[in-house]
Structures are given as structure tokens and as C-alpha cells.
Amino acid sequence: MNAFGITDKGKVRSANQDAYRLSLSPDGEYVLAALCDGMGGMAEGGMIAAETASQLVGIFPWTDDSDVPGWVYQRSARVYQQFRGHGGTTLVAALLKENRLSFWCVGDSDLFLLRENKLYGLNARQEFKNDLILRALDGAFPVEEAFQDPQAGALSEYIGKEDVTCDYTRMPFLLQPEDALLLCSDGVSDTLTLKQIREAMALSSQACCDKLEEEILAAGKPGQDNYTAIALKYHGKN
């Protein structure tokens, strides 16, 4: 098992509000990865992101994975008490323990799995668009309008809400040898195609991150967001 991460503010942003942390055991039996994307336009997004990632990694190892959603709720409530909904961050965290994967997600940061050259999204983005689609399917308006709504991409969940919904694995997901995982902020996944992401994930963890950064810089996207990625590769049991 190996891991590598990158983060950068992008060429046009004045500050990097993304943060990531990694905890890798010396024997390679586990790795905990946490990635946060501080909410732009809100108070202290970068600070909230950095503290959230650091605090989650700081409480590891924990006794029971089922305690983590409770920690997420408490962390969100504390941020809400400080900023009253005007400051927040996303979270995607993954724990690889031997051949078992557990993850916890809030917001729109992504978790991808590459297995036998096929790319899978393991989590669903918590965006207002999902609520709009459900309303449209209920007959409130045409489905196309759900995708055209200017607020469709807005976060419906984030750490910093008074009451947050955390998406997480109820049972660990079993990994296969040579599975690759990628945690990334939307500065990566909204800039690159799924084909570019898949091709990068086929490389080693460090080479994957280098390739993603190369492709992001080559894209030259106006207003390029902060971008952060953590690449993990599971090689099988020793």
C-alpha cells in the first residue's frame, strides 16, 4: 500500500482553501487520508478545512469506525456555533485497513476507485441539484430545469451546518490487489475528464498526482479553483 498527495491554490486564486492530511502506519497495514475543500466566499474556509483534516487524523487510531460519523456531526456543530452557517468545508476521508476500505463524505469532494482499468465513483455529491431532481420527478417542473438551475451545484451539506448529513460506509468495502483510489477536491474533478482521471490513476500514486497536476495546468481553465488530490494504491496483503 502506498499514498501520495498534492495541493495547490491554482494560478488565479489568491489563497489555497484546500487541505489534506495522511497517516500511514510504518508496517503499511493502514492508511488514513482526509481531504477538505474550504468553502470559497465564506469566512475562514481555509482555516476550517485545515483544522478539520488535522483533527480527524489527530484522533486516529479510534476504537470503532462507527464513532466517526458522530465526530463529523460534532465538528460541524462546533463550526456552526463559531460561524453561524457562514463558514464551512467539505470532507472526504478514507481508511484502508489491510484489504478493507471505509469512507466518510460531506459535500462535493470526490472518491474514485480504479479497478481493472474501470473507473467508479464511490460517493455521491451532496448538491442542491439532487433535491431539484427529486422535486422534478415528483412533477414540480421538467427534469431539465433541475440541471439548468443556477443553484444546482450549490452544496446541500457541508461541515459548518448546524445539522449535517454524512455519507459513509456501513460495512467496509473489500479491496482487490492493485485497486487504486483517488480523493480529490472539485478543482480536480471539475477540470479534468473522467478519461484523464482514469489514465492518471493507472500510474503509481506519486505519478498519478504529478499527471493530474500536469493536466490541470495544461487545461488553463479560467478561474481555476484550488486543486487537491490524494492517490492511494493497494497492492494486496503482504
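The values are calculated or read from the model by the stated rules, or taken from the named source; none is laboratory data. For clarity, every value in this text was computed on a predicted model and none was experimentally measured. Methodologically, a virtual Cβ is constructed for each residue, glycine included, from the backbone with ideal geometry; neighbour enumeration extends over all protein chains shown. Calculation scope for accessible area: heavy atoms of the full protein, side chains included, ligands and nucleic acids excluded. Shrake-Rupley method; radii C 1.70, N 1.55, O 1.52, S 1.80 Å.
Values as computed for the structure displayed
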item	result
5 angstrom amide H check on Asp18, placed H, neighbours 5+ away	Gly38
Rg followed by Dmax, in Å, when region 1-142 is reduced to its Cα trace	16.9, 55
Within the chain, longest stretch free of exposed trypsin sites (Lys or Arg not before Pro) [DSSP loop, at most 14 other beta carbons within 10 Å]	85-169
Signed unit charges on C-beta, dipole axis of region 91-238, positive-most listed residue Ser189, Ile133, Leu119	Leu119
Residue (of Asn2, Leu232, Leu35) at the positive-pole extreme of the chain, dipole from beta-carbon charges	Asn2
Sequence-separation-based contact order of the chain, relative, with Cα cut under 8 Å and 6+ spacing, percent	27
Amide H partners (placed H, <5 Å) of Gly10, local residues excluded	Tyr227
Rounded percent of accessible protein surface that carbon and sulfur make up, the chain, 1.4 Å probe	50
Size of electric dipole in region 86-202: Cβ of Lys, Arg +1 and of Asp, Glu -1, about Cα centre, debye, nearest 20	420
Ranked order, Ser23, Ser76, Ser66 - accessible area, probe 1.4 Å, largest first	Ser66, Ser23, Ser76
Computed magnitude of the charge dipole of the chain (debye, nearest 20; Cβ of K, R +1, Cβ of D, E -1)	260
Kirkwood Rh, Cα atoms: Rg over Rh of the chain	0.96
Gap separating the Cα centres of region 30-65 and region 122-136, nearest whole Å	24
Per residue value of the accessible surface for region 64-116 (all protein chains in place, 1.4 Å probe), Å²	36
Reachable aspartates and glutamates, given that their alpha-carbon falls under 15 Å from the alpha-carbon of Lys237 and they are not under 8 places away in the same chain	Asp27, Glu29, Glu98, Glu178, Asp179
Dipole of the chain, positive end: most advanced residue of Ala49, Gly88, Phe60 [Cβ charges, Cα centre]	Phe60
